[in-house]
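Scroll down for the structure; my scribbles are underneath it.
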Amino acid sequence: MDKRVVGALLQFALLIVGIPIVYAAAFPLHLTAKSLLPPLGLLAGLITAGLMVKKMNQPVSGPLTGWLIFVCCVVLAFAL
């Protein structure tokens, strides 16, 4: 399979999986600084992945970095 297709599928999966996780993680915490971490992490992950896909020869590494940013923000929100 083409690397660009895999990168696009990974970024799409980040959006599809990330939105329910954001709701599940942010709403029980009410509106606090840590409840803003998952949505900001999802947004930062999507932006970073989009920018890296355009600038790199390895289109898969952009969405993987986006996933890493998102997961770190969710873990940090639960750790705090």
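The values are calculated or read from the model by the stated rules, or taken from the named source; none is laboratory data. Treat the numbers as computed from the prediction; the structure is a model and nothing was measured. Cβ: placed from backbone, ideal geometry, glycine included. Neighbour counts: every protein chain shown. All accessible areas refer to the heavy atoms of the entire protein, side chains included, with ligands and DNA or RNA removed. Shrake-Rupley method; radii C 1.70, N 1.55, O 1.52, S 1.80 Å.
Some observations on this one:
- Residue count for the range 30-48, restricted to those that are part of a helix (DSSP H, G or I), of a type in the set (Val, Ile, Thr) and surrounded by fewer than 16 Cβ atoms within 10 Å (Cβ to Cβ): 1
- Filter pass, Phe12 being surrounded by fewer than 19 Cβ atoms within 10 Å (Cβ to Cβ), more than 19 Å from Ala79 (Cα to Cα) and among the aromatic types (Phe, Trp, Tyr): yes
- Residue, nearest to Ala25 (Cα to Cα), within the range 49-60, restricted to residues that are touching a residue at least 24 places away in the same chain (Cβ under 8 Å) and part of a helix (DSSP H, G or I): Ala49
- When each of Ile19, Ile69 is tested for being open to solvent by 70 Å² or more (accessible area, probe 1.4 Å) and assigned to a helix (DSSP H, G or I), the lone residue that passes is Ile19.
- Single residue of the range 49-63 satisfying the filter (surrounded by fewer than 18 Cβ atoms within 10 Å (Cβ to Cβ) and closer than 21 Å to Val22 by Cβ) that is farthest from the chain's Cα centre (by Cα): Leu51
- Verdict on Ala8 being in a helix (DSSP H, G or I) and over 22 Å from Val60 (Cα atoms): no
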